[in-house]
Amino acid sequence: EPKNPLRSVDPGALEMLKVAQEQNIETVFDRFVAQQPQCGFGYKGICCRICIAGPCRVKTEEGPGSKGICGATAFTIVARNLVRMIAGGTASHSEHSRHVLHTAHAMVDGEAPSYSIKSPEKLHKLASQLGVSTINREDREILKDVTEIAYSDFGRYQDRPLAFLDSFLTEQRRKKFQHTNITPRSIDGTVTELIAQTAMGVDSDPVNLIFGGLKGSLADLAGEYIGTKLSDVLFGIPEPIVSESNLGVINSKMVNIAVHGHNPVLSEMVVAAARQLQGEAQKVGAEGINIVGICCTGNELLMREGVYLATSSASQEMAIMTGALDAMVLDIQCIYPAVQQLTECFHTKVVTTEGIMKMPGAQHIAFNAETAMEDAQKLVQIAIEAYKNRDPKKISIPNERHNLVAGFSIETLTDIFSKVNSDRPMSVLTDAIMNGQIKGVVQMAGCNNLKRPQDESHVVILKELVKNDVLVVATGCSAGAFAKLGLMSPLAVDAYAGEGLKSFIRMLEDANPQLTTGLPLIFHIGACVDNSRGMDLVMAMAEELEVDVPKVPFAASAPEAMHEKAVAIGTYCVTMGLPTHVGSMPFLEGSDLIYGIATQIAHDVFGGNFIFEMDPQVAAQKILGALEYRSWKLKIHK
Ligand code: NFS
Ligand code: SF4
């Protein structure tokens, strides 16, 4: 019997876990148990290994043992560790976005023939927001100017704020960031500065350190803006789209390829190559090629192509354990090294594609913008070859798949609202809040973290919010949880939405007869970089309400946060002025001061604050409380 019996609430994953147990296959759930108890010093954030005089730990309340060898106290150590996590998250998002940017740039130069400008509409909107002229100019020329601005946001030291951040802020947020001196001047420069600031013997002032981290989180948001906006230009603005999710989308009669990681630059090409090579798959006896997504690359493809979402972070190994996955094509981030180890028992080919992401034992096919289509074809061929090696005895695909509707960019939402009020689309949402039909908006985001059963916290919080008439937008593996469990289907509206939310969604449907599908219970706004879409939404609401972000009934929640990227996102949500729930404890309990800054002082300065609450039921109540407080205040002042 497993020591941790309820490890997931996802029936697809649970079914595969039975297989794992029968065949004695090790999974992330076993490794989690093997790590217990996790180190108490690390957990509290009071372990420092920034220099090799260490590792140092804060061992006592007072005296020499209460400090590191250099004299760094708990608040310094906790702050430095946190800030380094933010720098790590910022670097991750930004490298992803830089790859999209390189691709756009190569395309403009005629060196990436497989790519094109799918959305001139988005390009023109972006250009005008960035102050790039569009009159009498070719789209490629416009995009060239846009990419130059993005490059200079990344790397050039400049005496102006980041264009990809500054152009999208409310006036009050812009001023707030200037006054508190956290306006980043370059993305790369900010990451480097934070590493330098937190090095041995530099900053020991916890407040100055944390403000550095806030600046880093804004650089992270800028990087996400570059990623989301350029991806929309190259691959299209997401529009409502019907698809399915959970492991049952893996098809025993087809060549199955999972794309796992984050970057649409790769996965969009794999989808295109698969469409071309269907015939090759038939030659080896398969009915065709079935692409399925995992984690955020799955979200990217789901949003724009309607590709099935097989599974999310914590259950990524389960896709291989179906025995019917012929290849897993990887780019970067959130990919367990364990997936390659697992293929010792299965025929699946694991293939890496990026220079910074290789795995011992896995095949590597370098993926280049210049040769994107040929590279993608090679990847698909590997899967077709592997199909021949399938062992029918090892195939067990859970009979679990659910309908869903995804594809809600802010453009699409605005469009849907505009059918109710074409002059002021956002007022449709804000009026519904002001008249009490809905309580506010919550952006649910973030990962799976095995400290709690997979997906349970996402689901418990979601159900409580929608029952209480909160409009939920979702990203990343949070969206993945809802998709897998059937909660992202229009049918879930009747089953779970409170009367107010239900009537709001029905009103939108009635006003939009052009939609070929009903609207879902939760609006999927994309991958984790697309948390930037949520920021665009809250700022549009702020402008409509003529207030700054901290007054808008809007909150964020990452019930099972895991990655450094989630730390960066949570931090910019707070800096932007949002109540931000996190359901897995970051490493900061070793300093009451830092805990107080995160949960209280941040609120005094920026109007947003962290809510650390591990119990999902209690967390939902706290989020609802924060929304109610904001709408109550808004109504008094209007
Ligand atoms: Ni976001 Fe997406 Fe998932 Fe977490 Fe990882 S896939 S970028 S970091 S685990 S939500
Ligand atoms: Fe120890 Fe200070 Fe070095 Fe950290 S920086 S490892 S606290 S001596």
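Do any helices (runs of 4 or more DSSP H) entirely within region 100-185 hold 1 or more residues that are farther than 25 Å from ALA369 by Cβ and in the same structural domain as ARG304 (by TED's automatic domain parsing), and if so, which?
Once the helices (runs of 4 or more DSSP H) in region 100-185 are filtered for at least 1 residues that are farther than 25 Å from ALA369 by Cβ and in the same structural domain as ARG304 (by TED's automatic domain parsing), nothing remains.
Just give me the residues in region 415-450 being away from ligand 1 (no atom under 16 Å from the Cβ), over 13 Å from LEU471 (Cβ atoms) and open to solvent by less than 20 Å² (accessible area, probe 1.4 Å), in sequence order.
Across region 415-450, the qualifying residue is only SER427.
Residue by residue through region 531-572, note down the ones that are in a loop (DSSP other than H, G, I, E, B), open to solvent by 10 Å² or more (accessible area, probe 1.4 Å), within 16 Å of ligand 1 (Cβ to nearest atom) and not small (Gly, Ala, Ser).
Residues of region 531-572 that are in a loop (DSSP other than H, G, I, E, B), as a first pass: 546-548, 552-553, 559-563.
With open to solvent by 10 Å² or more (accessible area, probe 1.4 Å) added as a condition, the list becomes 546-548, 561-563.
After this cut, where a residue has to be within 16 Å of ligand 1 (Cβ to nearest atom) as well, the list is 561-563.
The answer is MET562, HIS563.
Select, from GLY355, GLY306, GLY361, the only residue that is surrounded by fewer than 24 Cβ atoms within 10 Å (Cβ to Cβ), in the same structural domain as VAL271 (by TED's automatic domain parsing) and within 29 Å of ASN24 (Cα to Cα). Reasoning before the result, please.
Values: GLY355 fails: within 29 Å of ASN24 (Cα to Cα); GLY306 fails: within 29 Å of ASN24 (Cα to Cα).
That would be GLY361, the only listed residue that is surrounded by fewer than 24 Cβ atoms within 10 Å (Cβ to Cβ), in the same structural domain as VAL271 (by TED's automatic domain parsing) and within 29 Å of ASN24 (Cα to Cα).
What are the residues in region 435-474 that are part of a strand (DSSP E or B) and over 20 Å from the mean Cα position of the chain (by Cα), if any? Step through it out loud before you land on a result.
Of region 435-474, the ones part of a strand (DSSP E or B) are 440-444, 454, 470-474.
Matches in region 435-474: GLY440, VAL470.
On the basis of being loosely packed, with under 13 Cβ neighbours inside 10 Å and more than 19 Å from the chain's Cα centre (by Cα), does ALA34 make the cut? Step through it out loud before you land on a result.
Details: loosely packed, with under 13 Cβ neighbours inside 10 Å: yes; more than 19 Å from the chain's Cα centre (by Cα): yes.
Answer is yes for this residue.
Please verify whether THR575 is away from ligand 2 (no atom under 16 Å from the Cβ), open to solvent by less than 10 Å² (accessible area, probe 1.4 Å), without any contact (Cβ under 8 Å) to a residue 60 or more places away in the chain and in contact with a Phe, Trp or Tyr (Cβ under 9 Å, 6 or more places away or on another chain), treating the condition exactly as stated. Outline the logic, then answer.
On the way: away from ligand 2 (no atom under 16 Å from the Cβ): yes; open to solvent by less than 10 Å² (accessible area, probe 1.4 Å): yes; without any contact (Cβ under 8 Å) to a residue 60 or more places away in the chain: no; in contact with a Phe, Trp or Tyr (Cβ under 9 Å, 6 or more places away or on another chain): yes.
No, not satisfied.
Of the conditions (1) in a helix (DSSP H, G or I); (2) open to solvent by 50 Å² or more (accessible area, probe 1.4 Å), GLY201 clears all except one; give me its number.
Every condition holds for GLY201 apart from (1).
Suppose the filter is farther than 20 Å from LEU218 by Cα and either assigned by TED's automatic domain parsing to the domain that holds ARG84 or among the hydroxyl-bearing types (Ser, Thr, Tyr) (or both); does SER532 pass it?
No, not satisfied.
Does HIS458 meet the test of being buried (at least 24 other Cβ atoms within 10 Å of the Cβ) and either farther than 21 Å from ASN299 by Cα or not aliphatic (A, V, I, L, M) (or both)? Even if it seems obvious, please write down each step before you answer.
Numbers: buried (at least 24 other Cβ atoms within 10 Å of the Cβ): yes; either farther than 21 Å from ASN299 by Cα or not aliphatic (A, V, I, L, M) (or both): yes.
Answer is yes for this residue.
When you go through ALA369, ALA281 one by one, which is the residue that is open to solvent by less than 30 Å² (accessible area, probe 1.4 Å) and part of a helix (DSSP H, G or I)? If you could, list the steps in order and put the result at the bottom.
Values: ALA369 fails: part of a helix (DSSP H, G or I).
Criteria check complete, one pass: ALA281.
Between residues in region 396-414 that are open to solvent by less than 30 Å² (accessible area, probe 1.4 Å) and residues that are assigned to a strand (DSSP E or B) and among the aromatic types (Phe, Trp, Tyr), which pairs lie under 7 Å by C-beta distance while being six or more apart or on different chains?
Here the result reads PHE408/PHE523; LEU413/PHE523, each pair linking region 396-414 to a residue that is assigned to a strand (DSSP E or B) and among the aromatic types (Phe, Trp, Tyr).
Testing GLY12 on (1) in a loop (DSSP other than H, G, I, E, B); (2) of a type in the set (Gly, Ala, Ser); (3) more than 30 Å from PRO184 (Cα to Cα), one condition comes back false. Which one is that?
Here GLY12 clears every test but (1).
Does PHE523 satisfy being part of a helix (DSSP H, G or I) and among the aromatic types (Phe, Trp, Tyr)? Break it down stepwise before answering.
Numbers: part of a helix (DSSP H, G or I): no; among the aromatic types (Phe, Trp, Tyr): yes.
No; evaluated as a whole, the condition is false for this residue.
Mind listing whichever residues of region 32-47 are of a type in the set (A, V, I, L, M, F, W, C), more than 16 Å from ligand 1 (Cβ to nearest atom) and outside any loop (DSSP other than H, G, I, E, B)?
Within region 32-47, VAL33, ALA34, PHE41, CYS47 qualify.
Taking only pairs six or more apart or across chains, which ones have beta-carbon atoms under 7 Å, a first residue in region 443-454 that is farther than 30 Å from MET539 by Cα and in contact (Cβ under 8 Å) with a residue 24 or more places away in the chain, and a second residue that is within 7 Å of ligand 1 (Cβ to nearest atom) and in a loop (DSSP other than H, G, I, E, B)?
Listed pairs, sorted by first residue: GLN454/ASN448.
I'd like to know if region 51-62 contains one or more residues that are open to solvent by less than 70 Å² (accessible area, probe 1.4 Å) and touching an Asp or Glu at 6+ places or on another chain (Cβ under 9 Å). Step through it out loud before you land on a result.
Within region 51-62, the subset open to solvent by less than 70 Å² (accessible area, probe 1.4 Å) is 51, 53-54, 56, 58, 60.
Still in the list and also touching an Asp or Glu at 6+ places or on another chain (Cβ under 9 Å): none.
Looking for residues that are open to solvent by less than 70 Å² (accessible area, probe 1.4 Å) and touching an Asp or Glu at 6+ places or on another chain (Cβ under 9 Å), one finds none in region 51-62, hence no.
Any chance region 576-596 includes a residue that's of a type in the set (Val, Ile, Thr), part of a helix (DSSP H, G or I) and in contact with a Ser or Thr (Cβ under 9 Å, 6 or more places away or on another chain)?
Looking only at region 576-596, we keep the residues that are of a type in the set (Val, Ile, Thr), and these are 580, 582, 594.
Those still in the list that are part of a helix (DSSP H, G or I) too: 594.
Filter once more, so that each one left must be in contact with a Ser or Thr (Cβ under 9 Å, 6 or more places away or on another chain): none.
Scanning region 576-596 turns up no residue that is of a type in the set (Val, Ile, Thr), part of a helix (DSSP H, G or I) and in contact with a Ser or Thr (Cβ under 9 Å, 6 or more places away or on another chain).
Identify the single condition in (1) closer than 29 Å to LEU214 by Cβ; (2) open to solvent by 90 Å² or more (accessible area, probe 1.4 Å); (3) more than 16 Å from ligand 2 (Cβ to nearest atom) that ASN24 does not satisfy, given that it satisfies every other one.
Looking at each condition in turn, ASN24 falls short on (1).
Kindly indicate which of LEU588, LEU627, LEU634 is among the aliphatic types (A, V, I, L, M), modelled with pLDDT under 95 and on the phi < 0 side of the Ramachandran plot.
On the way: LEU588 fails: modelled with pLDDT under 95; LEU627 fails: modelled with pLDDT under 95.
Just a single option satisfies the conditions, and that option is LEU634.
Restricting to region 251-261, count the residues that are touching a helix residue (DSSP H, G or I) at 6+ places or on another chain (Cβ under 8 Å) and either assigned by TED's automatic domain parsing to the domain that holds MET16 or open to solvent by 10 Å² or more (accessible area, probe 1.4 Å) (or both). I'd like the intermediate steps shown before the answer.
Taking region 251-261 and keeping what is touching a helix residue (DSSP H, G or I) at 6+ places or on another chain (Cβ under 8 Å), we get 254-261.
Still in the list and also either assigned by TED's automatic domain parsing to the domain that holds MET16 or open to solvent by 10 Å² or more (accessible area, probe 1.4 Å) (or both): 254.
Qualifying residue count for the region: 1.
Being more than 16 Å from ligand 2 (Cβ to nearest atom), part of a helix (DSSP H, G or I) and touching a Cys at 6+ places or on another chain (Cβ under 9 Å) is the requirement here; does HIS93 meet it?
Yes; evaluated as a whole, the condition is true for this residue.
Here is a check on your reading of the model: is GLY288 within 30 Å of LEU82 (Cβ to Cβ), outside the structural domain of CYS573 (by TED's automatic domain parsing) and open to solvent by less than 10 Å² (accessible area, probe 1.4 Å)? Before you say what the answer is, go through the steps one by one.
Details: within 30 Å of LEU82 (Cβ to Cβ): no; outside the structural domain of CYS573 (by TED's automatic domain parsing): yes; open to solvent by less than 10 Å² (accessible area, probe 1.4 Å): yes.
Against the criterion (within 30 Å of LEU82 (Cβ to Cβ), outside the structural domain of CYS573 (by TED's automatic domain parsing) and open to solvent by less than 10 Å² (accessible area, probe 1.4 Å)), GLY288 does not qualify.
Could you check, for region 166-175, whether at least one of its residues is away from ligand 2 (no atom under 16 Å from the Cβ), closer than 19 Å to HIS105 by Cα and either acidic (Asp, Glu) or open to solvent by less than 20 Å² (accessible area, probe 1.4 Å) (or both)? Full working, then the answer.
Here is the first cut: in region 166-175, the ones away from ligand 2 (no atom under 16 Å from the Cβ) are 166-175.
Now restrict to residues that are closer than 19 Å to HIS105 by Cα: none.
No, region 166-175 contains no residue that is away from ligand 2 (no atom under 16 Å from the Cβ), closer than 19 Å to HIS105 by Cα and either acidic (Asp, Glu) or open to solvent by less than 20 Å² (accessible area, probe 1.4 Å) (or both).
Counting only residues that are among the polar types (S, T, N, Q), within 16 Å of ligand 1 (Cβ to nearest atom) and touching a Lys or Arg at 6+ places or on another chain (Cβ under 9 Å), how many does region 48-96 have?
Here is the first cut: in region 48-96, the residues among the polar types (S, T, N, Q) are 60, 66, 73, 76, 81, 90, 92, 94.
Those left that are additionally within 16 Å of ligand 1 (Cβ to nearest atom): 90, 92, 94.
Remaining after also requiring touching a Lys or Arg at 6+ places or on another chain (Cβ under 9 Å): 90, 92.
Qualifying residue count, region 48-96: 2.
The values are calculated or read from the model by the stated rules, or taken from the named source; none is laboratory data. Since this is a predicted model, take the numbers as computed values, not measurements. Here Cβ is always computed from backbone atoms with ideal geometry, including for glycine, and neighbour counts include all displayed protein chains. Quick note on the areas: whole protein, heavy atoms, side chains included, nothing else; ligands and nucleic acids left out. Shrake-Rupley method; radii C 1.70, N 1.55, O 1.52, S 1.80 Å.
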